[in-house]
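S.K.: Have a look at the structure that comes next, please.
The values are calculated or read from the model by the stated rules, or taken from the named source; none is laboratory data. Bear in mind that the values here come from a model prediction, so they are computed numbers and not experimental data. Every residue, glycine as well, gets a Cβ built from its backbone with ideal geometry; the counts of neighbours run over all protein chains shown.
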Protein chains: 2
Amino acid sequence: MGKVRFNVTMSLDGYVAGPSQSENDPLGAGGMDLHTWLFELEAWRKTHGEQGGEVNASTRVAEVLEGGYGAVVMGRNMFGPVRGPWGDEPWTGWWGENPPYHTPVFVLTHHQREPLKMDGGTTFHFVTDGIGPALDRARLVSDDQDVLIAGGASVIQQYLAAGLVEEFWISLVPLLLGDGERLLDNLGSSIRLDQIEAVEAPGVTHLKFVVR
Amino acid sequence: MGKVRFNVTMSLDGYVAGPSQSENDPLGAGGMDLHTWLFELEAWRKTHGEQGGEVNASTRVAEVLEGGYGAVVMGRNMFGPVRGPWGDEPWTGWWGENPPYHTPVFVLTHHQREPLKMDGGTTFHFVTDGIGPALDRARLVSDDQDVLIAGGASVIQQYLAAGLVEEFWISLVPLLLGDGERLLDNLGSSIRLDQIEAVEAPGVTHLKFVVR
């Protein structure tokens, strides 16, 4: 059986996105800088149609993080900046015609919508009955691979608080954002973690945890 | 010349002490658990009069952190729980007759007090004119070794915000405290850091940063 997991890049002061997120700045002020370690990798550039790039200790981690899942769950804010009903010319995601997921993706929303089939094997399913049913549906189609909770922070928090996450990676970068979306907020002190692995890489340390 | 540095153990959600700190619970609820990695080390137990303990990847880091400084600066809340004027039978620190510093220690306070000489080379000096003068005095007597900013969180924040810290270690533990004293608050996004080293150890990852 696959695991329910997430992975996220976090600033040293705990943020996974900067302040003032918008359609033009989906990660908020300073938020793109979080992912410099990833954008520089050859492994990432290749899957996004670009040449060249670095091979370093992050490469293996990026390959682990970007593979091994058979379904994805994400919040509506991660799917797009649109709020309220979907309207007549609805948003189809940030990622163009061929999103990088290549699996079913379950989008948490309060507004019903027909499934949206994209190129490359990604189909967005819109789930209106909450995080539990969304995960159940993801598990059903994940073919015994992992279910990836893609984000954002509030969706990850909801799954953590519900005890539904089994393991996660935090890629910690030496950056202070000062404001924005904090990952590990609103969780109290009851979640018990074991540190499984730490991988030092240029400009980032990747930390793997298992929830007890 | 020595460096101005600090080292601190931080929970994954960013706290260096739990909520509800008191004389009986100086690290607040859950705060002692932050330091389990340290208390288990033979290197730490030996310097605190105890036998046995672990030797692991944290040992080298603990030796680096606990050596190499010639003077210490700390906040009054780290020195003790007493507030206001010192009174007639004043507090002499948490550490008994022989504190673990063995150097001059400059305590930031609003209330004047004569220097307090302890066993083992530690003398507490009480500084009423602010963080800059306290650091100047510490540098003067540090004999070209490092000046250690011992804490707590608000004092570290003040030195970071003033651009006076040159390097620091964060020992990150897989613990959520949910509340308490956050280390990297009130600092905005202007501080630039380089990650120098990451050391994976049982139950903790030690991260070294340099301030640009």
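S.K.: Among the residues of the range A:47-59, is any within 21 Å of A:Asp185 (Cβ to Cβ), surrounded by 14 or more Cβ atoms within 10 Å (Cβ to Cβ), of a type in the set (Gly, Ala, Ser) and over 18 Å from the mean Cα position of the chain (by Cα)?
M.R.: Filtering the range A:47-59 down to residues within 21 Å of A:Asp185 (Cβ to Cβ) leaves none.
So far as the range A:47-59 goes, no, none of its residues is within 21 Å of A:Asp185 (Cβ to Cβ), surrounded by 14 or more Cβ atoms within 10 Å (Cβ to Cβ), of a type in the set (Gly, Ala, Ser) and over 18 Å from the mean Cα position of the chain (by Cα).
S.K.: Of all residues in the range B:101-125, how many are without any contact (Cβ under 8 Å) to a residue 24 or more places away in the chain and hydroxyl-bearing (Ser, Thr, Tyr)?
M.R.: Within the range B:101-125, residues that are without any contact (Cβ under 8 Å) to a residue 24 or more places away in the chain and hydroxyl-bearing (Ser, Thr, Tyr) number 1.
S.K.: Could you please give the count of residues in the range B:203-212 that are facing another protein chain (nearest Cβ under 8 Å), within 26 Å of B:Leu135 (Cα to Cα) and outside any strand (DSSP E or B)? Give the derivation first.
M.R.: So the first thing to find is which residues in the range B:203-212 are facing another protein chain (nearest Cβ under 8 Å), and the list is B:203-205, B:207, B:209.
Among the residues that remain, those that are also within 26 Å of B:Leu135 (Cα to Cα) are: B:207, B:209.
Those left that are additionally outside any strand (DSSP E or B): none.
Going through the range B:203-212 one residue at a time, the tally reaches 0.
S.K.: Here is a follow-up. Which residues, taken from the range B:109-118, are buried (at least 16 other Cβ atoms within 10 Å of the Cβ) and assigned to a strand (DSSP E or B)?
M.R.: B:Leu116
S.K.: Considering B:Val147, B:Val165, which residue is within 25 Å of B:Ser11 (Cβ to Cβ), aliphatic (A, V, I, L, M) and surrounded by 15 or more Cβ atoms within 10 Å (Cβ to Cβ)? I'd like the intermediate steps shown before the answer.
M.R.: Values: B:Val147 fails: within 25 Å of B:Ser11 (Cβ to Cβ).
None of the other options fit; the residue is B:Val165.
S.K.: Moving to a separate point now. For residues that are farther than 28 Å from B:Ala138 by Cα and in a loop (DSSP other than H, G, I, E, B), scanning just the range B:1-13, find the one that is farthest from the other protein chains (Cβ to nearest Cβ).
M.R.: B:Leu12
S.K.: Scan (1) part of a loop (DSSP other than H, G, I, E, B); (2) in contact (Cβ under 8 Å) with a residue 40 or more places away in the chain; (3) not small (Gly, Ala, Ser) for the single condition A:Val73 breaks and write down its number.
M.R.: (1)
S.K.: Checking the condition farther than 22 Å from B:Ile196 by Cβ, buried (at least 16 other Cβ atoms within 10 Å of the Cβ) and not polar (S, T, N, Q), which residue from A:Leu176, A:Leu160, A:Leu140 passes?
M.R.: Values: A:Leu176 fails: farther than 22 Å from B:Ile196 by Cβ; A:Leu140 fails: buried (at least 16 other Cβ atoms within 10 Å of the Cβ).
Just a single option satisfies the conditions, and that option is A:Leu160.
S.K.: Would you check if B:Val199 is β-branched (Val, Ile, Thr), closer than 19 Å to B:Met1 by Cα and either touching a Ser or Thr at 6+ places or on another chain (Cβ under 8 Å) or not in a strand (DSSP E or B) (or both)?
M.R.: In short, no.
S.K.: On the given criteria, is A:Gln195 modelled with pLDDT of 95 or more and within 22 Å of A:His111 (Cβ to Cβ)?
M.R.: no
S.K.: Right, another one. Output the number of residues of the range A:176-202 satisfying the condition of being at the interface with chain B (Cβ under 7 Å from one of its Cβ atoms), in contact (Cβ under 8 Å) with a residue 24 or more places away in the chain and closer than 20 Å to B:Ser171 by Cβ.
M.R.: So the count comes out to 4.
S.K.: So, of the residues in the range B:14-25 that are touching an Asp or Glu at 6+ places or on another chain (Cβ under 9 Å) and outside any strand (DSSP E or B), which turns out to be modelled with the lowest pLDDT?
M.R.: Ranking the qualifying residues of the range B:14-25, first place goes to B:Gln21.
S.K.: Taking the options B:Phe126, B:Phe106, B:Phe168, name whichever one is in a strand (DSSP E or B), within 12 Å of another protein chain (Cβ to nearest Cβ) and hydrophobic (A, V, I, L, M, F, W, C).
M.R.: Testing whether each residue is in a strand (DSSP E or B), within 12 Å of another protein chain (Cβ to nearest Cβ) and hydrophobic (A, V, I, L, M, F, W, C) leaves just B:Phe168.
S.K.: What are the pairs with Cβ atoms under 6 angstrom where one residue, in the range A:129-145, is under 9 Å from A:Ala71 (Cα atoms) and assigned to a loop (DSSP other than H, G, I, E, B) and the other, located anywhere, is aromatic (Phe, Trp, Tyr) and at pLDDT 95 or above? Sequence gap at least six, or different chains.
M.R.: What qualifies is A:Gln145/A:Tyr69.
S.K.: Restricting to the range A:16-26, count the residues that are within 14 Å of the chain's Cα centre (by Cα) and crowded, with 20+ Cβ neighbours inside 10 Å. Break it down into steps so the answer makes sense when it comes.
M.R.: Just the residues of the range A:16-26 that are within 14 Å of the chain's Cα centre (by Cα), to begin with: A:16-17, A:26.
Then drop every residue that is not crowded, with 20+ Cβ neighbours inside 10 Å, which leaves A:16-17.
Number satisfying all stated conditions: 2.
S.K.: For the range B:27-46, what are the residues that are in a loop (DSSP other than H, G, I, E, B) and within 16 Å of the chain's Cα centre (by Cα)?
M.R.: Result: B:Leu27, B:Gly28.
S.K.: Still on this structure, please answer the following. Quick check: is even one residue across the range A:65-88 at pLDDT below 95, under 19 Å from A:Ala201 (Cβ atoms) and touching a Leu at 6+ places or on another chain (Cβ under 6 Å)?
M.R.: no
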